[in-house]
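The values are calculated or read from the model by the stated rules, or taken from the named source; none is laboratory data. A quick note: this is a predicted structure, and the numbers were derived from the prediction, not measured. FYI the Cβ positions are ideal-geometry reconstructions off the backbone, even for glycines, and counts take in every protein chain you see. With ligands, DNA and RNA removed, areas are computed over all heavy atoms of the protein, side chains included. Shrake-Rupley method; radii C 1.70, N 1.55, O 1.52, S 1.80 Å.
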Amino acid sequence: MAETADKLIIGGREFTSRLMVGTGKYASFEQTARALEISGAEIITVAVRRVNLDRSKESLLDYIDPKKYTLLPNTAGCYTADDAVRTCRLAREAGMSDFVKLEVLGDEKTLFPDNEELLKAAKILVAEGFTVLPYCSDDVIVCKKLEDLGCAAVMPLGAPIGSGLGIRNPYNIRIILENVSIPVIVDAGVGSASDAAIAMELGCAGVLMNTAIAGAQDPIAMAEAMKLAVIAGRLSFKAGRIPRKLYANASSPLDGLIG
């Protein structure tokens, strides 16, 4: 199929799937593992603060094949640059990955990013050799600054984390896409397969989600729906949609009809 040749490249690494998924909020580790498999995702996020790093006890890591997935440790729950940097260092020391999703939150109610602290943390982590994928606001200036710092991608929110509202400001996403050269991955706010498809049709390199799958009535079915939506949205973007027109345009030719 055409999508197999359409590789996603982040930090020099190649991926076939453009769907990235989180590992929180599932009913069990078994359900998590099944949803990951069905989604076809190759990159999965793991909240360092929620993972039991003591391998003598049951852990999410017991259900994830490190040869099959690229772990993306994230700094969920961090509210300062220092805390986020410390969490990334811990993940690397524990052997998880130096490929990290950087989150520095501004407050507990909105879970919007604190862009000032985010930029500070990104600068330190890039200098220390981490491949940094930052969760940020849908602000083109912030995204350009993150690119200039050496981040491997930018991950602007579509809507507040876990809200399921979809992409609230597609115009901001389009502006970001026009002004940065690194991959743009929509992170947060996706609720349905149509939301994922819209992100891809805008030209985004990928979509990251957790609650939309884990919180669905049937997470396994939703994982498959999201996989297909991302594929369809990417193919639609590459195919090129028809122009929007105010009036009708007959799909069947009128020439040659006998009056």
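A cut-off of 5 Å between modelled amide H atoms, ignoring neighbours fewer than 5 places along the same chain, links Thr70 with Ile43, Ile44.
Counting only protein heavy atoms and a 1.4 Å probe, the range 1-148 has 48 square angstrom of accessible area per residue. Over all directions, the projected convex hull of the C-alpha atoms in the range 52-193 averages 9.3 nm² in area. Summing Cβ point charges (Lys, Arg +1; Asp, Glu -1) relative to the Cα centre of the range 89-219 gives a dipole of roughly 120 debye. The charge dipole of the chain, taken about the Cα centre with unit charges on the Cβ atoms of Lys, Arg (+1) and Asp, Glu (-1), comes to about 320 debye, rounded to the nearest 20. With unit charges on the beta carbons (Lys and Arg positive, Asp and Glu negative) and the dipole taken about the Cα centre of the chain, which residue among Met222, Val126, Gly106 sits farthest to the positive side? Checked the options; the winner is Met222.
Taking amide H as placed 1.01 Å from N in the peptide plane, Ala47 has its amide H under 5 Å from the amide H of Thr23, Asn74, each at least 5 places away in sequence or on another chain. Figure legend: label point modelled 7 angstrom from the Cα of Asn169 along Cα→Cβ; no residues of the range 86-110 have amide N under 11 Å from it. 3J(HN,Hα) along the range 113-128: x, 8, 5, 5, 5, 4, 4, 5, 5, 4, 4, 5, 5, 4, 5, 8 Hz, from the Karplus curve 6.51 cos²θ - 1.76 cosθ + 1.60 with θ = phi - 60°, whole Hz, x for Gly and Pro.
Relative contact order of the range 170-232, taken over Cα pairs closer than 8 Å and 6 or more residues apart, is 34 percent. Size descriptors for the range 34-126, from the alpha-carbon set: Rg then Dmax equal 13.9, 39 Å. Charged neighbours of Pro160, selected by a Cβ distance under 10 Å, balance to +2 (K, R count +1; D, E count -1).
In a simple Cβ point-charge model (Lys, Arg +1; Asp, Glu -1; nothing else charged), the range 34-162 has a dipole of about 320 debye relative to its Cα centre.
Plainly put, the range 150-259 has a radius of gyration that is 1.14 times its Kirkwood radius, both from alpha-carbon atoms, as the Rg/Rh ratio. If the segment from Ala232 to Ala127 were pulled out straight at 0.36 nm per residue, it would be longer than the present Cα-Cα gap by 34.1 nm. Divide the volume of the convex hull around the Cα atoms of the chain by the residue count and you get 155 Å³ per residue.
Scanning residues 5 or more positions from Phe99 or on other chains, those with amide H under 5 Å from its amide H are Thr131, with H placed 1.01 Å from N in the peptide plane.
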